[in-house]
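Contents: one structure, followed by commentary.
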Amino acid sequence: MTYLFNILQDGFFAAIAAIGFASISNPPRQAYKYCALIAAIGHATRYVLTHNAWGGMNLIGASFIASLAIGLLTVFFAPRAKCPAETFSFPALLPMIPGMYAYRTVEALLLCLTHQEEAAFNHYFYLLAYNGLTCMFIVLSMVVGATVPIFLFKNTSFKATR
Amino acid sequence: MTTTTKNNELNTPPAGAAEMPSPKEACIFLSDYASWLLGCGATCIRIEKNVRRMAGRWNMEPEMTILPSHIHITVWNRDRSHSYSNNVRLHHTGISFDINTRLSKLSWAVADGKTSFAEARREFEEIVRVRPANPWMVWLLASLANMSFCRLFGGDFAAMLIVLCGTLAGYKLKQVMLEDGRDVRFTFFCCAFFSSVIGAAGYVFHWGDTPEIALATSVLYLIPGIPYINSVSDLLDGHYICSFSRFMNAAVLTACLSAGLCGGLLLMNIQWL
């Protein structure tokens, strides 16, 4: 029961985040509900993949699968909302941005610059590289995952506004 | 009689000809259209498809080069006897999916023969006059979104409240600075700095159990996500120059927000260990 609540909570906050970030990019009014729905499904998918009884999946792989789901849903909903598929993909992806890894990268960079001793420097440099690379590959997998379906289903994606 | 016929021919053009623009008219319209589409954050593949779709309706063939801040279009008539070229700067309109959607719909209306050239030009003028969403609503929604973001990262109630305050302050500053015409990179630096200083409240006043999540999340509303996504889209479509340019623009903004975050961390003397 708690697990189900956590999934719903995850989807709910992802939906609010998607609506807010969508508003920054001035989407058409009818796009908001689709952004919220796609973000909720995408983020909940990643939550289930990383938190389950069979051992949590790696965050990079889970992000890729979740963003692939987001990409497919954007292509599916774009003709119904009569909006370009890209309108939904950015707000839906943003809640999955690895903010903590990005923050830890900046934090490690500062610690690197403020420690001259070799052992300490090497440790923080390791943290910088680990967090930076993880963050970079999560973002890359997300963006590629959401973009590939738009290219695979070009006919649907680019006729959505017809 | 001959004279009359000639006059009649001049006065009454063949059916449908009134709707067909000359290559010059088409080129000027299409270049303006493409520069607005590029400016509002459309991908290169969409710009190409939309322009080609409309030109096809007018029996013309467009050749275009999309550069990071310019668009060069040459429009040929079908028998390649006449052409016109135009080079325009992109319109810095800011990201707007509303304009993107309306312009895409316009291209289909033209392609399907529902809109004549004159009507398309009139509609285009109306579309580009569309005002962006209410800034107060965007300010509030973006702040709530960043607060939800904090929750998604595992932040507690105190962290969410701190992030909400930091984003309200930072996003308002961003709107004010951009309205004043300040440099966008400097704006990102200042907003990240202010938001991170407010985001450090959890550390300074020992509020809540997740101060690091509040601090980390406080600047995430500034991440330029659309340029990153468009960059990959252009890369997949083979528009490497545009892709690289969009990526570099986004990377510079990310570097500015990271510098602002560093400044905030140093000012507040955050001790991690």
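Of all residues in the range B:242-273, those being touching a residue at least 12 places away in the same chain (Cβ under 8 Å) and closer than 30 Å to B:E48 by Cβ number 11.
You will find that of B:S69, B:S81, the residue that is among the hydroxyl-bearing types (S, T, Y) and under 23 Å from B:G238 (Cα atoms) is B:S69 and no other. With a requirement of 3 or more residues that are away from every other protein chain (no Cβ under 11 Å), the helices (runs of 4 or more DSSP H) lying completely within the range B:159-273 that satisfy it span B:184-199, B:201-205, B:240-267.
Would you confirm, using the coordinates I've provided, whether B:S107 is polar (S, T, N, Q), surrounded by fewer than 19 Cβ atoms within 10 Å (Cβ to Cβ) and in contact with a helix residue (DSSP H, G or I) (Cβ under 9 Å, 6 or more places away or on another chain)? No.
Checking each residue in the range A:20-74 for being buried (at least 23 other Cβ atoms within 10 Å of the Cβ) and among the charged types (D, E, K, R) picks out only A:R46. List pairs: first in the range B:27-41 and closer than 11 Å to B:L103 by Cβ and away from every other protein chain (no Cβ under 13 Å), second part of a helix (DSSP H, G or I) and modelled with pLDDT under 90, Cβ under 6 Å, 6+ apart or cross-chain? As it stands, the answer is B:W36/B:V128, since those pairs meet every condition given. Of all residues in the range A:33-54, exactly one satisfies the criterion of being at pLDDT 90 or above and over 17 Å from the mean Cα position of the chain (by Cα), namely A:K33. The test for being more than 14 Å from chain A (Cβ to nearest Cβ) and in contact (Cβ under 8 Å) with a residue 40 or more places away in the chain holds for B:I71.
Residues are listed down the side, and each one gets a yes or a no for (1) of a type outside the set (G, A, S); (2) in contact (Cβ under 8 Å) with a residue 40 or more places away in the chain:
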position	(1), (2)
A:L59	yes, yes
A:V75	yes, yes
A:A92	no, yes
A:L128	yes, no
A:G145	no, yes
A:P149	yes, yes
A:T156	yes, yes
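In the range A:6-31, the residues that are on the phi > 0 side of the Ramachandran plot reach residues that are part of a helix (DSSP H, G or I) and surrounded by 24 or more Cβ atoms within 10 Å (Cβ to Cβ) with C-beta atoms within less than 7 angstrom, at least six apart or across chains, in these pairs: A:N26/B:F97. The single residue among B:S96, B:S107 that is closer than 30 Å to B:L178 by Cβ, within 14 Å of chain A (Cβ to nearest Cβ), in contact with a Gly (Cβ under 9 Å, 6 or more places away or on another chain) and touching a residue at least 24 places away in the same chain (Cβ under 8 Å) turns out to be B:S96.
Quick one: would you say B:L140 is surrounded by fewer than 18 Cβ atoms within 10 Å (Cβ to Cβ), assigned to a helix (DSSP H, G or I) and within 9 Å of chain A (Cβ to nearest Cβ)? Answer is yes for this residue. Within the range B:143-158, being away from chain A (no Cβ under 11 Å) and aliphatic (A, V, I, L, M) holds for one residue alone: B:A158. Among the residues of the range A:112-136, those identified as exposed (fewer than 15 other Cβ atoms within 10 Å of the Cβ) and farther than 16 Å from A:A102 by Cβ are A:L113, A:T114, A:Q116, A:E117, A:E118, A:A119, A:A120, A:N122, A:Y126.
For the range B:114-136, taking the residues that are out of contact with any helix residue (DSSP H, G or I) (no Cβ under 7 Å at 6 or more places or on another chain) and modelled with pLDDT under 90, the one that is nearest to the other protein chains (Cβ to nearest Cβ) is identified as B:P132. Of everything listed in (1) touching a residue at least 12 places away in the same chain (Cβ under 8 Å); (2) surrounded by 22 or more Cβ atoms within 10 Å (Cβ to Cβ); (3) in a helix (DSSP H, G or I), the single unmet condition for A:T161 is (3).
The values are calculated or read from the model by the stated rules, or taken from the named source; none is laboratory data. Treat the numbers as computed from the prediction; the structure is a model and nothing was measured. For neighbour counting, all protein chains shown are included, and Cβ atoms are generated from backbone atoms with ideal geometry for every residue, glycine included.
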